[in-house]
Structures are given as C-alpha cells and as structure tokens.
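The values are calculated or read from the model by the stated rules, or taken from the named source; none is laboratory data. Owing to the predicted nature of the structure, the values given are computational and were not obtained by experimental measurement. Ideal geometry is used to build each Cβ from the backbone, glycine not excepted, and the neighbour counts take in all protein chains shown. Heads up: the accessible areas ignore ligands, DNA and RNA and are worked out on the full protein's heavy atoms, side chains in. Shrake-Rupley method; radii C 1.70, N 1.55, O 1.52, S 1.80 Å.
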Amino acid sequence: MRLVTRNEVVKEAFLNELKREGIKFAVMERLGYEAFIGYMIEGTLEEINNAISSFEGEEKEILLEGFLTFKEQINHALEHLKEGEEIEHLLQEGYWMGDVLDQLFKNDAVVVEENKARLKENVDVTKLKFQFRFPYQIAKNLEKIEKIAKQFAFVDLVPEYEIEIRELEIEKINRAMHIAAKYFEEEMIMGAYFALISRGIVANEILNALGNEKVPKEDLTMAFLKAMPMEIPTEKGTMIINVMNGKAFEEILRMLEKEGRIDIKGGKVRKLR
C-alpha cells in the first residue's frame, strides 16, 4: 500500500497532486540507498554509439536497442527544455526523466529559474558527455565488454520517502493510482493498487456487517478472520483477499473510526454513517 521514492522532486510533485485532489496520505522518511551494478560507456552520444557498434552478436543488438531508447529520452527532454518547463511537469513524462535531467545538470547544460528547467543558450548537445549504463546480466563476453565499458557500481545513500495512501473509498484510490502512474514504475503501482483496493473492500464489508447494531469488537474480528480469505469475482477474473491476523483487521477499524464512519466504545463497534 506504500509507494517509495528516493527522488525528492518526484516526492514533492506527487504529494502536491494528491493535496490538490484532497487525497489523504502519510509520509515516512528514512535512510535508503540507490544501487546499480553493471557497466557504463561514457562519452558523447556518437562516441557511445560507435563503442556499441564495435560489439558483435546478441550483446550488440540488446545494447543498441537500449541505447536508442536512451537517446530518444534525451532528445525528448531537450525538446521540452528549449523553451523551459516546470520540473514537476517534466517528471510526469516518466521516472526515466529524473536520470536524464541529472545527467544534463552534471553537464552544466541546464539552468533552473523559479522551478522551471531550461536548456542554456548555445549548448552544443553533440559535445555533451553522457553515461549509458547497462546491467551486468547483459554482459556475456566479459573480456570484450571490459575493453570498452567500465565496471560500474553505484551506491548512493539518500533519504527514502515512503508514501502511504490513507483512503478507503475506491474512487479516491483509483484517482491516487492514476496520479501515481506518472511518477512510479508499473510493478510498484500494481502492488499498491490491489492492496489499497483490498483494504477498501474489507472496510466496506465491515460497514455492511455492522448494520444498525452495536457489535462486540472481538466477535466482529473473529467472524471476519474465520471468513478469510474473501474471493471477489471481477470482470477479468478473481481477486482473493486475505486478512492475516487481528492486528491487520484492527488497523482498518482504526481508519474507519478516524474517518468518523464507526465508533468504538466499551469494546463494541457501532456504524455512524
């Protein structure tokens, strides 16, 4: 149910959008790290292309395909930067934009004015030095690879931001994940989405079960845990939700109470709305 980023600009842009939509969230900051283990070819775009072209076989095809994508990303970013654009809007292009901007900043090719990034005048893009990185798993012929590419191990100790969406309404969860898609990778979003939807479904089932009666909290908890897992049919298949223990169930109760939808008093639970 949590989305994690180590990019402060991404964090601020995402949280600003959530605030504008009135979506509740919580942020926890801790020490994290970024790590990449692989190889790096450094140089101008032409120099990198020539280095990759010197390879042979399957490695060459994979690297060229990756490099063409990298080159397209750079060119796409440069188009936006010619006139200048807000960094928040740039990052909405995709998580890859953060790396491209970082490399352009290191080239001293970009200036930032009032949250807008702009390409400096008279910058010759063909002379800029870039780092094309690829994971070590691609390297089959190490002897040949290491003649052209440098071993690259990057570990950066950085603040890590864990963002939790604190909503139970399905509509708001869908809106939050729609926004998140601009800033986070699909795999992370999919996991968080189904976890949030599951929590929302359980919350609705709790409200339905309460009706207009006061129900002992212990009885309510035990009834739900015994009924687990829940099998939910969908248009595309089946969704199975499993609340593993009482602590997880009580967390949902606390959220409902905080939203003013239930009242817990004297060991009994009552629905308010």
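Of all residues in the stretch 204-228, which are surrounded by fewer than 11 Cβ atoms within 10 Å (Cβ to Cβ) and at pLDDT 90 or above?
N208, K226
Out of the stretch 106-124, which residues are farther than 19 Å from E86 by Cβ and open to solvent by 100 Å² or more (accessible area, probe 1.4 Å)?
Residues satisfying the conditions are K106, E121, N122.
Does G22 satisfy the condition of being surrounded by 14 or more Cβ atoms within 10 Å (Cβ to Cβ) and either in contact (Cβ under 8 Å) with a residue 12 or more places away in the chain or not in a strand (DSSP E or B) (or both)?
no
For the structure I just gave you, tell me whether I41 is crowded, with 17+ Cβ neighbours inside 10 Å and not in a helix (DSSP H, G or I).
Judged against the criteria, I41 is a match.
Out of curiosity, is I201 assigned by the TED database to the domain that holds M177, open to solvent by less than 30 Å² (accessible area, probe 1.4 Å), at pLDDT 90 or above and in a helix (DSSP H, G or I)?
no
Taking K258 as the residue in question, decide whether it is in contact (Cβ under 8 Å) with a residue 24 or more places away in the chain and either under 27 Å from V4 (Cα atoms) or open to solvent by 40 Å² or more (accessible area, probe 1.4 Å) (or both).
It is false that K258 is in contact (Cβ under 8 Å) with a residue 24 or more places away in the chain and either under 27 Å from V4 (Cα atoms) or open to solvent by 40 Å² or more (accessible area, probe 1.4 Å) (or both).
Could you list, in sequence order, all residues of the stretch 1-18 that are open to solvent by 70 Å² or more (accessible area, probe 1.4 Å), acidic (D, E) and either at pLDDT 90 or above or under 19 Å from G191 (Cα atoms) (or both)?
The answer is E12, and nothing else.
Residues that are under 18 Å from E8 (Cβ atoms): find the helices (runs of 4 or more DSSP H) completely inside the stretch 70-174 holding 2 or more of those.
87-91, 97-106
So which residues in the stretch 25-38 are open to solvent by 50 Å² or more (accessible area, probe 1.4 Å) and over 14 Å from E162 (Cα atoms), if there are any at all?
E34, A35, F36, I37
Name every residue in the stretch 50-105 that is open to solvent by 40 Å² or more (accessible area, probe 1.4 Å), hydrophobic (A, V, I, L, M, F, W, C) and within 22 Å of the chain's Cα centre (by Cα), in order of residue number.
Correct list: W96 only.
Here's the yes/no breakdown for (1) outside the structural domain of A13 (by the TED database); (2) out of contact with any Ser or Thr (no Cβ under 7 Å at 6 or more places or on another chain); (3) at pLDDT below 90:
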| residue | (1), (2), (3) |
| --- | --- |
| E93 | yes, yes, yes |
| L104 | yes, yes, no |
| A109 | yes, yes, no |
| N122 | yes, yes, yes |
| L128 | yes, no, no |
| Q137 | yes, yes, yes |
| K172 | no, yes, no |
| A176 | no, yes, no |
